[in-house]
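Novice: Below you'll find the structure I mean.
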Amino acid sequence: HESIYHLVQKPLWEACKARGKTYYPPTYAEDGFTHATADASKLLDVANHFYKSVQAEWLCLRMTRETVASAGITLK
């Protein structure tokens, strides 16, 4: 898979962009990693299962393996 997908709450993403900060999801400190998938068809099921109670607009970030690697991030 060339692309990696991550669901993000739009207000959190926009706030990080406005401050010029690196985005980390709310569960990063607890989990130690960012959840993502190479299979975009799984995103709706994941969102409905884990995030249904979150009252926020969501965005889907699409990253390439190349840009993730160039940022020094390891994919597992």
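The values are calculated or read from the model by the stated rules, or taken from the named source; none is laboratory data. If you're wondering where the values come from, they're calculated on a predicted model, not measured in any experiment. Don't worry about glycine lacking a Cβ; one is built from the backbone with ideal geometry, like all the others, and counts go over all protein chains shown. Areas reflect the complete protein model, heavy atoms only, side chains present, ligands, DNA and RNA absent. Shrake-Rupley method; radii C 1.70, N 1.55, O 1.52, S 1.80 Å.
Novice: Given (1) open to solvent by 90 Å² or more (accessible area, probe 1.4 Å); (2) modelled with pLDDT of 90 or more, identify the lone condition not met by ILE73.
Specialist: All conditions pass for ILE73, except number (2).
Novice: Next up: Out of the residues in the range 47-61 meeting the condition of being closer than 18 Å to TRP13 by Cβ and more than 12 Å from the chain's Cα centre (by Cα), tell me which one is least open to solvent (accessible area, probe 1.4 Å).
Specialist: The selected residue is ALA56.
Novice: Consider GLU66 carefully, then state whether it is more than 18 Å from GLN9 (Cβ to Cβ) and not small (Gly, Ala, Ser).
Specialist: Spelling it out, GLU66 is indeed more than 18 Å from GLN9 (Cβ to Cβ) and not small (Gly, Ala, Ser).
Novice: Name the single residue, out of those in the range 7-24 being outside any helix (DSSP H, G or I) and within 16 Å of LYS52 (Cα to Cα), that is least open to solvent (accessible area, probe 1.4 Å).
Specialist: Among those that are outside any helix (DSSP H, G or I) and within 16 Å of LYS52 (Cα to Cα), it is VAL8.
Novice: Checking ALA36 against (1) open to solvent by 100 Å² or more (accessible area, probe 1.4 Å); (2) within 16 Å of LYS76 (Cα to Cα): exactly one of these is not met. Which one?
Specialist: The failed condition is (1).
Novice: Confirm whether ASP31 is surrounded by fewer than 10 Cβ atoms within 10 Å (Cβ to Cβ) and on the phi < 0 side of the Ramachandran plot. Steps first, please.
Specialist: Values: surrounded by fewer than 10 Cβ atoms within 10 Å (Cβ to Cβ): no; on the phi < 0 side of the Ramachandran plot: yes.
Criteria not met by ASP31.
Conditions tested, residue by residue: (1) of a type in the set (Asp, Glu); (2) out of contact with any helix residue (DSSP H, G or I) (no Cβ under 8 Å at 6 or more places or on another chain).
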| position | (1), (2) |
| --- | --- |
| ILE4 | no, no |
| LYS10 | no, yes |
| GLU14 | yes, yes |
| GLY20 | no, yes |
| TYR23 | no, no |
| GLY32 | no, yes |
| SER41 | no, yes |
| LEU44 | no, yes |
| ASN48 | no, yes |
